[in-house]
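Here the structure comes first, spelled out in structure tokens, and everything after it is commentary.
The values are calculated or read from the model by the stated rules, or taken from the named source; none is laboratory data. None of these values were measured; they are calculated from a predicted model. Backbone-built Cβ (ideal geometry, glycine too); neighbour counts: all protein chains shown. We work out accessible area using only protein heavy atoms, side chains counted, and drop any ligands, DNA or RNA first. Shrake-Rupley method; radii C 1.70, N 1.55, O 1.52, S 1.80 Å.
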Amino acid sequence: MNDFNDLIAANRTFADDFSLGGFDGVAHAGVAIVTCMDSRINPLAMLGLKYGDAKIFRNPGGRVTTAALEALVLGSHLLGVNRILIVPHTRCAMARFTEAELRDKVGESMGVDASWQHFHVIPDQLAALEEDVHTVRSHPLIPDSVAVGGFVYNVDTGLLDQKF
């Protein structure tokens, strides 16, 4: 349990001045973001948004997975989402390594065979982004009224570049 003491202490400090309770769970800016789990990305700050403005779905590589689609469908029907941003980023490990390289790295780290694990690497980041945008735009449960855009976030400049 001691592994988390610093985080629990920080949470207690956070909760001392917590004034954000009572939110309704709706995306008040109408925004949903699918992006990478990379810690260099602060989804709300990069778009000038604040707590309660957006729904954020993160995974390795920022891909539109089955789970991400589920979140986007629910967001567009129940949580006020009318704009969806799909945002992978520069210098992403999922686009830098091959499947075999990631399996080797994880296997070495654990001292076991990781050849069975699939990591969903992204050989062509722009092609994957275009595919993800098309997947969301053409999904039968995402209303045509929902705007969908594909962007690349530059982790070195903080800028978004709209691609699709």
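Summary table
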{"read-out": "Lysines with Cα under 23 Å of Lys163, excluding same-chain neighbours fewer than 8 positions away", "value": "Lys55"}
{"read-out": "Net length gained if the chain between Thr90 and Glu131 were fully extended (0.36 nm per residue, minus Cα distance)", "value": "13.0 nm"}
{"read-out": "Accessible area per residue, Å², segment 107-164 with all protein chains present, probe 1.4 Å", "value": "65 Å²"}
{"read-out": "Intensity falloff of the chain expressed as log10 I(q)/I(0), Debye formula with alpha-carbon point scatterers, at q = 0.14, 0.15, 0.20 Å⁻¹", "value": "-0.84, -0.93, -1.24"}
{"read-out": "Per-selection Rg to Rh, segment 118-159 - Cα, Kirkwood hydrodynamic radius", "value": "1.06"}
{"read-out": "Relative contact order [Cα under 8 Å, 6+ residues apart], the chain, whole percent", "value": "22 percent"}
{"read-out": "Percent carbon-and-sulfur accessible area, the chain, ignoring ligands, DNA and RNA, probe 1.4 Å", "value": "56 percent"}
{"read-out": "Sum of -39500 (n - 2.57) over DSSP H runs of 4+, divided by residues of the chain (222 nm, nearest 500)", "value": "-10500 deg cm²/dmol"}
{"read-out": "Estimated FRET transfer efficiency (Arg83, Ser115; beta-carbon r; R0 30 Å; 0.05)", "value": "0.15"}
{"read-out": "Test item: Cα-centred dipole of segment 70-116, Lys/Arg +1 and Asp/Glu -1 on Cβ, debye", "value": "320 debye"}
{"read-out": "Cut-off 13 Å between beta-carbons: net charge of the residues surrounding Val112, Lys and Arg +1, Asp and Glu -1", "value": "-1"}
{"read-out": "Cα lying deepest toward the dipole's positive end in the chain, options Tyr153, Val121, Leu7, charges on Cβ", "value": "Tyr153"}
